[in-house]
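Heads up: the structure comes next, in structure tokens.
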Amino acid sequence: MDNNSNDTIKETLGIGKNKKRRYKKYIWISSLILLIAGAVFWYITKEAKNEKLNYQTTTLEKKTITTTVSATGNMEPTNTVDVGIEVSGTISEVFVDYNERLSKGQLMARLDTVKLSSKVTSYRAALAKLEANIAEASATLNKAQNEWKRVEKMVQATNGNYPSKQEVDSALAAYELAQASLQAAKAGRDQASAELKAAQDDLKKAAVVSPINGVVLDRKIEPGQSVVAAMTIPILFTMAEDLTKMRVVVSVDEADIADVKEGQRVKFSVDAYPQKLFEGTLTQLRLNSQIVNGVVTYDAVVDVANPELLLRPGMTVTAQIITDILEDVSVLPNAALRFTPPAKQGDNSVHAKADASKHNVWILRENKPFKVEVEIGKSDGSFTVITKAEIGENDLVLIGTKEP
């Protein structure tokens with residue numbers, strides 16, 4: 001029988017197909033076994049790593065910590081004076097510039113005084129004219145008074161028969177009119193005198209002088225500029241009395257305000273000298289609140305010595321207000337309060353999540369993490385005071401993990 005006949009018989013009986021099916025089945029089973037073996041190996045390796053997990057630890061220690069409240073603000077001179085002008089006109093001269101140190105009474109600027117001088121001259125002439133009017137009215141009064149006395153004597157001498165009633169009334173009226181004219185002339189003179197004095201004062205105010213011994217911080221005018229003194233006084237210069245004494249006004253968050261008190265020390269830095277720490281004293285805690293975008297803060301004033309003049313008005317300040325210094329207290333690093341071991345490692349891990357509002361730390365017992373509840377006090381940002389805890393001096397407190 002030839003080969004073709006044999007193949008035909010195998011195909012008819014299905015012998016070749018069964019062999020192929022068995023081959024595919026073996027491949028599928030082998031792949032499944034390899035997959036299961038890989039998963040088991042991965043799980044065993046992972047568990048081995050967990051078992052070998054190493055921890056970073058620390059111990060409860062005694063330490064002195066300083067608690068602070070952070071705040072930001074800006075430098076200001078302790079005494080700033082705005083120098084204005086009370087009369088309108090055109091600036092003719094400016095004698096000072098930025099940063100110049102001035103003495104009290106020193107000339108800073110002057111208005112064009114042509115119109116003001118003309119006013120003074122006009123009021124002075126008006127006053128002189130009114131003085132002449134007073135002299136004339138006084139002479140008229142003397143004449144009318146003498147006439148009235150003469151008529152009065154004649155009436156008494158003639159028992160009222162002479163002169164006539166009309167002449168008597170006319171003399172009396174002339175006398176009273178002369179008195180009134182003199183009073184009016186004097187009133188006019190007083191008014192003119194006041195107007196002259198005001199014009200003279202305006203002429204004097206055209207010269208702007210320094211009100212203090214200090215330095216010019218800002219200059220807002222140039223020669224030829226017009227100034228109008230109407231409802232408000234135009235500000236020409238801003239001066240500071242003494243830049244060796246400065247202050248910082250910082251904003252304290254309402255959540256921290258209970259810890260902040262007047263008299264506390266303050267350390268701060270400015271962007272110009274990031275490596276240098278300056279110091280000051282909190283001298284005023286203002287009662288009035290500042291509300292910006294719903295955030296409530298309170299202004300605190302810090303007095304600062306500035307002998308080297310390193311600090312300048314307007315500088316941005318980042319401050320730490322020292323609220324307390326706690327000596328020889330039991331502390332743990334803040335990392336200990338934040339640390340939670342992997343769920344497989346720590347006991348009571350489910351319970352720890354349920355009690356998230358409480359403060360817990362983990363200590364190492366029999367090479368396993370053990371949760372301990374603690375009561376905490378103040379913190380300096382790096383360490384926290386532990387006021388109550390069942391932790392011994394030699395207990396290792398977990399703060400992190402590291403690769404084995």
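Inclusion of residue 259 among residues that are touching a Ser or Thr at 6+ places or on another chain (Cβ under 6 Å) and assigned by TED's automatic domain parsing to the domain that holds residue 312 is warranted. Only a single item in (1) more than 17 Å from the chain's Cα centre (by Cα); (2) surrounded by 14 or more Cβ atoms within 10 Å (Cβ to Cβ) is not met by residue 263, and it is number (2). Here's a check for you: in the range 33-71, which residue that is in contact with an Asp or Glu (Cβ under 7 Å, 6 or more places away or on another chain) and of a type in the set (A, V, I, L, M) is modelled with the lowest pLDDT? Top of the filtered list is 60. Can you report the number of residues in the range 98-113 which are surrounded by fewer than 13 Cβ atoms within 10 Å (Cβ to Cβ) and of a type in the set (Lys, Arg)? Here the count works out to 1. Restricting 317, 296 to those that are part of a strand (DSSP E or B), closer than 11 Å to residue 71 by Cβ and of a type in the set (A, V, I, L, M) reduces the list to 317. Residue 160 satisfies every condition listed in (1) within 30 Å of residue 95 (Cα to Cα); (2) small (Gly, Ala, Ser); (3) in a loop (DSSP other than H, G, I, E, B) except (1).
The values are calculated or read from the model by the stated rules, or taken from the named source; none is laboratory data. As the structure is a prediction and not an experimental result, all values here were calculated from the model. Ideal geometry is used to build each Cβ from the backbone, glycine not excepted, and the neighbour counts take in all protein chains shown.
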